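Engineer: Pasting in a structure now, in structure tokens, and then I'll have a few things to ask.
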Amino acid sequence: MFPSRDQLVEHLERHAAEDGIELKLGTRVERIDRRDGGWALETSAGELRAPQVITATGYEQEPIIPDWSGRDAFKGELIHSAQYRNPEPFKGRRVLVVGPGCSGMEIAYDLAEGGASKVWLAVRTPPNIVLRSGPGGLPGDVIAVALLHLPARIGDAAARFGRRQDLGDLTEYGLPVPDEGVFTRLRRTGQAPAILDEEVIEAIKAGRIEIVRGVTSLDETAVELTDGARVEPDAVICATGYSRALEPLVGHLGVLDERGVPRVRGAREAAPGLRFIGYVPRPGGIGYAGKESRRAARAIARELSAA
């Protein structure tokens, strides 16, 4: 039900070789400006001109590490989850993973399975949790996409019922059910639930991953938590999210909201000839971005044929 790595590579290579596609690998777009009725793109390889531009750099582009007090004084290793590759460098070490989303939970499990001597998972805001596979092995995204079309309160209630049936009460392990439901939080902040395999929850219940409170500060050897407790990790891995990083690119065009997210997304134009694809946080995001892309292509074809 889920594509393998090899299938994704094959998909990308097949489309990259299609007629009419000219790839410019290793080229960074720095800024997009309106010019002469079209668009001028300032890139690391010089200026490009185009009548139509689609920006699809992704909802999560630039890694964020909070500016905790004392962060620079910490003598241990401190990295973002984007830099994590495998548990091998952390064998026999004490590791604090910060952030209970998909990445944080899965990295914590990988470390616990891969030989870390101690794994803490710092949780400031209790996450909504959804199992990756639903009843009968049905992908959770399939169920979530169906619920997305209902009022948020109905989707929230269904998700809470599913969590209770699948996972039970996790309060004693430091993961109470949050007051704000899956779909309400998704629509308010764009934050997705933690989508996990059941083995991750079992590792938490078994104590191989210890849930602790959120981080407030660091010093040379320790991390202080919001409840006043202190832990002394050898390494801190920050699964603390990403920004869209669109401000240098298009921030001067007035097309972003206060969170740096495009105000208009998908097939509709954010400005004449400018569209944003892949900036809707939702279940089945890759498939939805594909639908956005096809709609945008049809809209652009109509505009160019009418020109």
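Every number here is computed from the coordinates shown, using simple stated rules; none is lab data. Since this is a predicted model, take the numbers as computed values, not measurements. For neighbour counting, all protein chains shown are included, and Cβ atoms are generated from backbone atoms with ideal geometry for every residue, glycine included.
Engineer: For a footprinting-style exposure proxy, rank Leu274, Leu111 by other Cβ within 10 Å, fewest first.
Structural biologist: Details: Leu274 20, Leu111 27.
Exposure proxy ranking, most exposed first: Leu274, Leu111.
Engineer: Excluding same-chain residues fewer than 8 positions from Lys205, which aspartates and glutamates have a Cα within less than 12 Å of its Cα?
Structural biologist: Cα-Cα hits under 12 Å: Asp169, Glu172.
Engineer: Given a cut-off of under 8 Å on Cα pairs at least six residues apart, what relative contact order in percent is computed for the chain? Mind dumping the intermediate values first?
Structural biologist: Working: 514 pairs, mean separation 75.1, N = 307.
Relative contact order of the chain: 24 percent.
Engineer: Please identify every one of the trypsin sites (Lys or Arg not before Pro) in the stretch 11-113 that sits in a loop by DSSP and has no more than 16 other beta carbons within 10 Å of its own beta carbon.
Structural biologist: Numbers: sites: Arg14, Lys24, Arg28, Arg31, Arg34, Arg35, Arg49, Arg71, Lys75, Arg85, Lys91, Arg93, Arg94; in loops: Lys24, Arg28, Lys75, Arg85, Lys91, Arg93.
Passing sites in the stretch 11-113 are Lys24, Arg28, Lys75, Arg85, Lys91.
Engineer: Along its three principal axes, how long is the stretch 62-242 when you only count alpha carbons? Whole Å, largest extent first please.
Structural biologist: Ordered largest first, the stretch 62-242 gives principal extents of 49, 31, 30 Å.
Engineer: Can you give me the Rg/Rh ratio for the stretch 188-299, using Cα atoms for both radii and the Kirkwood formula for Rh?
Structural biologist: Numbers: Rg = 20.2 Å, Rh = 17.9 Å.
Ratio of gyration radius to Kirkwood radius: 1.12.
Engineer: Straight-line reach from Lys118: which aspartates and glutamates have a Cα under 18 Å away, not including same-chain ones fewer than 8 places off?
Structural biologist: Partners found: Glu77, Glu88, Glu106, Asp110, Glu199, Glu202, Glu210, Glu224, Glu232, Asp234.
Engineer: Among Pro66, Thr43, Gly278, pick out the residue whose Cα is farthest towards the positive end of the charge dipole of the chain, where Lys and Arg carry +1 and Asp and Glu carry -1 on C-beta, about the Cα centre.
Structural biologist: Sorting the options by dipole projection puts first Gly278.
Engineer: In the stretch 1-88, which GluC sites (Glu not before Pro) fall in coil by DSSP and have 10 or fewer other Cβ atoms within 10 Å? Don't jump to the answer; show the numbers that get you there.
Structural biologist: Details: sites: Glu10, Glu13, Glu18, Glu22, Glu30, Glu42, Glu47, Glu60, Glu77; in loops: Glu18, Glu22, Glu60.
When the GluC sites (Glu not before Pro) of the stretch 1-88 are filtered for loop state and at most 10 Cβ neighbours within 10 Å, Glu18, Glu22 remain.
Engineer: Okay, moving on. Counting only C-alpha contacts under 8 Å and six or more residues apart, can you give the relative contact order of the stretch 62-242 as a whole percent?
Structural biologist: On the way: 335 pairs, mean separation 70.0, N = 181.
Relative contact order for the stretch 62-242 comes out at 39 percent.
Engineer: Just need log10 I(q)/I(0) for the chain at q = 0.10, 0.11 Å⁻¹, Debye formula, equal scatterers on the alpha-carbon atoms, no solvent, rounded to two decimals.
Structural biologist: Listed by q, the Debye log ratios stand at -0.69, -0.83.
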